[in-house]
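S.K.: Before I ask anything, here is the structure I am working with.
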Amino acid sequence: EIKAHLTRLQVSGDLYYSRIQSYDGVCSDIGVAAGYRCTESETAYAIETDLGAGRFYCLDSSGFLGKTRISKGKETACRVY
C-alpha cells in the first residue's frame, strides 16, 4: 500500500535528519522504491509517486503526507492543491 510505504519513508527521513542534521543523501539512504521520485537538499526533501489521472501521493520534510493534484517536480516540498 502506497500510504504505508510513504509513512515508513517519512519516519526514516526524520530519523536520518536526527542523526545527520541534514537531508542531504536521504533519498539514497532510506530505501525509496523504484517509481517514486525523491528530491533532497540540505534542509528539505520530498518524495512522490504518480497515482495517474493527474493525482500524486506526496510526502515532504515539513510533515505533509497526502494526495495532491500537482507534481512537486524538482522541488523539495509537495505542492498542495
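S.K.: Measure off, as a whole percent, the carbon and sulfur share of the 1.4 Å-probe accessible area of the chain, all protein chains present. Before the final figure, lay out each step's value.
M.R.: Working: 2280 of 4610 Å².
Carbon and sulfur atoms account for 49 percent of the accessible area of the chain.
S.K.: Separate question: Among (i) 11.5, 38; (ii) 18.0, 62; (iii) 15.0, 50, which is the computed Rg and Dmax of the Cα atoms in Å?
M.R.: (i)
S.K.: Another one. State the extension gain, in nm to one decimal, for the chain segment bounded by Ser41 and Ser28, taking 0.36 nm per residue of separation less the distance between their alpha-carbons.
M.R.: Details: separation 13, 0.36 × 13 = 4.68 nm, distance 1.24 nm.
So the chain would gain 3.4 nm between Ser41 and Ser28.
S.K.: Can you list the aspartates and glutamates whose alpha carbon sits under 18 Å from that of Lys3, skipping same-chain ones fewer than 8 residues off?
M.R.: Cross-link targets: Asp14, Glu48, Asp50, Asp60.
S.K.: Can you give me the solvent accessible area of Tyr17 with a 1.4 Å probe, rounded to the nearest 10 Å²?
M.R.: Rounded to the nearest 10, the figure is 80 Å².
S.K.: Given +1 on the Cβ of Lys and Arg, -1 on the Cβ of Asp and Glu, and no further charges, what dipole in debye does the chain carry about its Cα centre, rounded to the nearest 20? Write down the numbers at each step before the final one.
M.R.: Details: 10 positive and 10 negative charges, 75 e Å.
That gives a dipole near 360 debye.
S.K.: Per residue, how large is the accessible surface of the chain? Use a 1.4 angstrom probe and give square angstrom.
M.R.: Details: 4610 Å² over 81 residues.
That works out to 57 Å² for each residue.
S.K.: Sorted by accessible area with a 1.4 angstrom probe, largest first, how do Ile2, Ile20, Ile47, Ile30 fall? Show your work: numbers first, answer last.
M.R.: Numbers: Ile2 60, Ile20 85, Ile47 0, Ile30 25 Å².
Result of the area sort, largest leading: Ile20, Ile2, Ile30, Ile47.
S.K.: In square angstrom, rounded to the nearest 10, how much accessible surface does Cys27 have for a 1.4 Å probe?
M.R.: Its accessible surface works out to 30 Å², give or take rounding.
The values are calculated or read from the model by the stated rules, or taken from the named source; none is laboratory data. If you're wondering where the values come from, they're calculated on a predicted model, not measured in any experiment. We place every Cβ from the backbone using ideal geometry, glycine too, and count neighbours over all the protein chains shown. Protein only, heavy atoms only, side chains kept; ligands, DNA and RNA dropped before computing areas. Shrake-Rupley method; radii C 1.70, N 1.55, O 1.52, S 1.80 Å.
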